[in-house]
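Here's the structure, in structure tokens; my notes come after.
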Amino acid sequence: MSPHSSPVVVLGAGLMGRLLAWVLAQRGHVVDLYDAGGPAAEQSAATVAAAMLAPLAESAITEPGVVRMGQYALQRWPELIADLPEDVFFQQQGTLIVWHRQDAPEAQRLRARLGRTVQQIPELPPADDLDARALAAVEPALSGRFAQGLLLPQEGQLDNRQLLKALASAIDRAGVRCHWNTPRSPADIPARSDGGPSLLLDCRGLGARSDWQMLRGVRGEVVRIHAPDVQLQRPTRLVHPRYPIYIAPKQNGVFVIGATEIESEDRSPVSVRSTLELLSAAYAVHPGFAEARVIEAATQCRPTLPDNLPAIRIPRPGVLEVNGLYRHGFMIAPAMLDCVLQWLECGHSTLARRFDLNIETPASHALA
């Protein structure tokens with residue numbers, strides 16, 4: 001990009017759209033941000049998330065490039081959060097993995113997969129094996145409940161809704177012109193040759209499917225509960241052959257519980273079956289959840305590409321599309337942000353190569 005005052009249009013004010021609009025405005029660009037919803041991001045997949053930053057844990061179901069992005073984000077998120085005008089809960093005390101005796105074979109398979117990941121990506125700290133005594137020392141609330149566990153050091157989490165709110169304040173202070181409840185597509189924005197912006201960034205998630213037809217939605221369901229009597233100190237995952245559950249403790253006794261991943265774009269309310277499975281599994285981790293109060297049961301569809309990997313696409317000069325963050329949005333967003341910024345500044349991105357991130361250009365379209 002040329003002069004820092006050049007105009008930029010960002011479509012979509014989910015996690016990526018807000019991050020890009022904020023940073024580009026800080027760098028002196030005139031930024032217009034359009035979104036189909038309001039500043040609360042009520043229509044964004046980022047609102048319905050646990051926002052765990054768990055690269056080693058997620059390596060069980062994703063590729064090394066995404067794992068490297070997650071490791072990068074653990075250093076980058078504190079830098080980004082420090083510049084925001086509002087406090088955002090951020091924690092980096094590791095991920096705890098536990099299992100019941102009957103699921104020990106599944107846990108052994110998981111341990112082996114994590115070990116192979118660390119061999120492939122040596123910068124990841126290996127998982128620590130915990131016996132019952134060590135587990136009780138690490139997580140006193142689970143003392144006497146599990147015979148074994150794994151601690152994945154340095155992994156973290158943040159509060160997704162605090163972050164989205166803080167980013168809304170940050171983009172306002174940076175002078176971004178926000179057009180809430182105003183859906184737009186690239187076809188609605190004049191081309192640069194016709195007096196339009198120097199750069200159009202499309203971060204609409206599933207809203208971009210008319211332009212990126214390979215996108216699909218993957219349904220996720222989470223329950224938020226208030227359980228002040230449960231004192232878990234870090235995100236905890238329960239190994240189960242059918243629905244590996246996660247429990248993410250936020251501030252003030254709030255927990256986000258999730259597990260489900262359904263190949264469906266149905267956004268109807270959470271099913272009875274999913275609710276029972278999530279809450280029953282949470283109770284199996286800690287009986288204190290029996291007296292918890294259900295605050296919210298929410299669903300959303302994550303924007304996903306056929307390979308379940310994120311991508312950046314440049315369909316024509318001056319237009320850049322960012323999409324396919326799937327279930328890893330908060331874990332990989334800082335890496336995606338910096339890859340985009342590096343591409344805009346240099347015309348290429350060494351970070352993208354480091355993360356095996358696909359950047360499609362008009363030339364690569366021609367080769368395909």
Q) Any idea which residue in segment 261-275 is farthest from Arg242 (Cα to Cα), counting only those that are of a type in the set (Val, Ile, Thr) and open to solvent by 50 Å² or more (accessible area, probe 1.4 Å)? A) Val272
Q) Out of all the residues in segment 111-131, which are out of contact with any strand residue (DSSP E or B) (no Cβ under 7 Å at 6 or more places or on another chain), part of a helix (DSSP H, G or I) and open to solvent by less than 70 Å² (accessible area, probe 1.4 Å)? A) Ala112, Leu114, Gly115, Thr117, Val118
Q: Specify the residue that is most open to solvent (accessible area, probe 1.4 Å); the eligible residues are those in segment 132-151 that are among the charged types (D, E, K, R) and either in contact (Cβ under 8 Å) with a residue 60 or more places away in the chain or closer than 18 Å to Ala281 by Cβ (or both).
A: Arg145
Q. Which residues, taken from segment 180-216, are charged (D, E, K, R), within 20 Å of Ile359 (Cα to Cα) and open to solvent by 70 Å² or more (accessible area, probe 1.4 Å)?
A. Arg209
Q) Which ranges mark the helices (runs of 4 or more DSSP H) fully within segment 1-98 that have 2 or more residues being open to solvent by 40 Å² or more (accessible area, probe 1.4 Å)? A) 64-82
Q | Test set (1) closer than 22 Å to Leu110 by Cα; (2) in a helix (DSSP H, G or I); (3) of a type in the set (Phe, Trp, Tyr) - Tyr283 fails condition number | A | (1)
Q: Search segment 285-313 for residues being open to solvent by 30 Å² or more (accessible area, probe 1.4 Å) and among the hydrophobic types (A, V, I, L, M, F, W, C), and hand back the single one that is farthest from Arg209 (Cα to Cα).
A: Ala290
Q. Condition test on Arg161, is it charged (D, E, K, R), outside any helix (DSSP H, G or I) and touching a residue at least 60 places away in the same chain (Cβ under 8 Å)?
A. no
Q | Test: Ala208 is within 28 Å of the chain's Cα centre (by Cα) and farther than 16 Å from Glu321 by Cβ | A | no
(Q) Go through segment 229-248 and report how many residues are in a strand (DSSP E or B), out of contact with any helix residue (DSSP H, G or I) (no Cβ under 7 Å at 6 or more places or on another chain) and open to solvent by 10 Å² or more (accessible area, probe 1.4 Å). (A) 1
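The values are calculated or read from the model by the stated rules, or taken from the named source; none is laboratory data. Since we're looking at a predicted model, the values are computed, not measured. In this analysis, Cβ positions are derived from the backbone assuming ideal geometry, glycine residues included, and neighbour counts consider all displayed protein chains. Heads up: the accessible areas ignore ligands, DNA and RNA and are worked out on the full protein's heavy atoms, side chains in. Shrake-Rupley method; radii C 1.70, N 1.55, O 1.52, S 1.80 Å.
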